[in-house]
Amino acid sequence: MMEIANKIYWVGIKDWELRMFHGEEYTTHRGSTYNSYLIKDEKIALVDTVWTPFREEFIDELEKNVGLDKIDLIVVNHTEVDHGGSLTLLLDKIPDTPIYCTKKGAEMIKQHFHKDWNFKIVKTGDTIDLGEYKLVFIEAPMLHWPDSMMTYVQGAGVLLSNDAFGQHYATPLFYNDQVDQCELYQEAIKYYANILTPFSKMVRSKIEEVKALNVPVNMIAPSHGVIWRDNPMQIVEKYDEWANNYHEGIVTILYNTMWGATKKMAVSIAKGIESTGIPTKVYNTGKSDRNDVLTEVFKSKGVLVASSTVNNGILAETASILEMIKGLKFKGKVAAAFGSYGWSGESVKIVEDFLKETGLEVIMEGKKVKYNPTEEELQECEEFGRQFGEKVRERL
Ligand code: FEO
């Protein structure tokens, strides 16, 4: 247990080994944490639990340090198993303990855990008196599940924000001001880009709503990573920026290649773009971490996607990254396709059509080269890049 504010304790788990999250969808190079919080007021409230594999360790610690029968109520801000995964074992031991959650939360708990516990449905503005402190609930649907909510500890000025403002980041330290700022921001922006981007509209309106409450926020304690205690609103300001068609004025090229011809095109195109003053990052999607690459796409104004043609189609990793780009619903970015081919040459058209489905604006006809590009064709690629760079520049 770690006291993070008067009577408020972190009782979570640090998962140093985690390297993939959401199944195999999200890479966690720095592990993660599952942050659970205990408020030891006149009444004792447990806010969120931890992921299922850690439930015994989590519950043993609670029993040892607090006594399970002393817990008066449980708040479930979010059902997903990285936060709700200890509920079954915990409720086996304290079965009648009230669970405060949203209406969707109760439905989803039943669907996940097939249990009908003592649910107390709460809505935005509902409160529970704990003694010195009062819990105030703020529904946050689609941030990032329909059941999501936040809990504000009135009297302490602590916002228990659940997934919002989190990072998949295990560190021996607890607070934002104690860790390497580059690491922290890398993990925070990767988390936003890969998890929250599709819900940016809801992020913007929730930020407005929380700001309008005009309550003191001394600390923002999310359910993953470090707690924001030094200027906690800095991460809210960042979310406001990230939720508004964010880009850093760069271009990202995502290519995949069989024998290097598409790679040669990528390098020449990048040279052409850079001649317009636009920084350009180049990734082979067959060799790169998809979530890191998607974070770069998030930072980009322009995105070029390339594949050689294989079996009348595109390479598997190109299809995979395009599918992820489509799901993330990036807004305000422009795109184009290119690639080499041997005889049938379908890849550029397939990538172009897929780019249109992703919601990126295709601003140029794609560039194709047969077999291994000649010097003259590489010059054409450079010119293609220069034109793309100019078009990006016009839109900055
Ligand atoms: Fe951290 Fe949506 O679970």
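The values are calculated or read from the model by the stated rules, or taken from the named source; none is laboratory data. This is a predicted model, so every value here is computed, not measured. As a convention, Cβ positions derive from the backbone with ideal geometry for all residues, glycine included, and neighbour counts pool all protein chains shown. These area figures cover heavy atoms from the full protein model, side chains too; ligands, DNA and RNA do not enter into them. Shrake-Rupley method; radii C 1.70, N 1.55, O 1.52, S 1.80 Å.
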Next item on the list: Look at H22 and say whether it is under 20 Å from the mean Cα position of the chain (by Cα) and surrounded by fewer than 17 Cβ atoms within 10 Å (Cβ to Cβ).
Entry: yes
Checklist line | Checklist (1) open to solvent by 30 Å² or more (accessible area, probe 1.4 Å); (2) touching a Pro at 6+ places or on another chain (Cβ under 9 Å) applied to G249, failing item | finding: (1)
Margin query: Going by what's in this entry, would P198 be described as assigned to a loop (DSSP other than H, G, I, E, B), touching a residue at least 12 places away in the same chain (Cβ under 8 Å) and open to solvent by 10 Å² or more (accessible area, probe 1.4 Å)?
Written below: no
Next item on the list: Identify all residues within region 74-86 that are small (G, A, S) and within 12 Å of the ligand (Cβ to nearest atom); write none if there are none.
Entry: G84, G85
Next item on the list: Return the pairs, sorted by first residue and then second, in which the second residue is assigned to a helix (DSSP H, G or I) and of a type in the set (A, V, I, L, M, F, W, C), the first residue lies in region 79-104 and is over 21 Å from H224 (Cα atoms) and open to solvent by 40 Å² or more (accessible area, probe 1.4 Å), the beta carbons are less than 9 Å apart, and the residues are 6+ apart or on different chains.
Entry: K93/I59; K93/L68
Item checked: Filtered residues of region 354-379 (kept if open to solvent by 60 Å² or more (accessible area, probe 1.4 Å) and assigned to a helix (DSSP H, G or I)) -> K356, E357, E375, E376, Q379
Item checked: Selected residue (criterion: least open to solvent (accessible area, probe 1.4 Å)) from residues of region 110-167 that are of a type in the set (A, V, I, L, M, F, W, C) and at positive phi -> F165
Checklist line | Unmet criterion (only one of (1) part of a helix (DSSP H, G or I); (2) over 22 Å from N194 (Cα atoms)) for L322 | finding: (2)
Next item on the list: Could you tell me which numbered condition K115 fails, if it satisfies all but one of (1) within 16 Å of the ligand (Cβ to nearest atom); (2) in contact with a helix residue (DSSP H, G or I) (Cβ under 7 Å, 6 or more places away or on another chain)?
Entry: (1)
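Does at least one position in region 87-99 carry a residue that is modelled with pLDDT of 95 or more and within 16 Å of the ligand (Cβ to nearest atom)?
Within region 87-99, one or more residues are modelled with pLDDT of 95 or more and within 16 Å of the ligand (Cβ to nearest atom).
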Note to self: I'd like the full set of residues that are in contact (Cβ under 8 Å) with a residue 40 or more places away in the chain and either more than 30 Å from Y133 (Cβ to Cβ) or of a type in the set (D, E) (or both), limited to region 1-21.
What the structure shows: D15, W16, L18, F21
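Of the residues that make up region 217-232, is at least one part of a helix (DSSP H, G or I), more than 16 Å from the ligand (Cβ to nearest atom) and open to solvent by 10 Å² or more (accessible area, probe 1.4 Å)?
Within region 217-232, the subset part of a helix (DSSP H, G or I) is none.
Within region 217-232 (the criterion being part of a helix (DSSP H, G or I), more than 16 Å from the ligand (Cβ to nearest atom) and open to solvent by 10 Å² or more (accessible area, probe 1.4 Å)), the answer is no, since none of the residues qualifies.
When you go through E274, E296 one by one, which is the residue that is among the acidic types (D, E), under 18 Å from the mean Cα position of the chain (by Cα), outside the structural domain of L184 (by TED's automatic domain parsing) and surrounded by fewer than 23 Cβ atoms within 10 Å (Cβ to Cβ)? Talk me through it step by step, then tell me what you get.
On the way: E274 fails: under 18 Å from the mean Cα position of the chain (by Cα).
Going through E274, E296 in turn, the sole match is E296.
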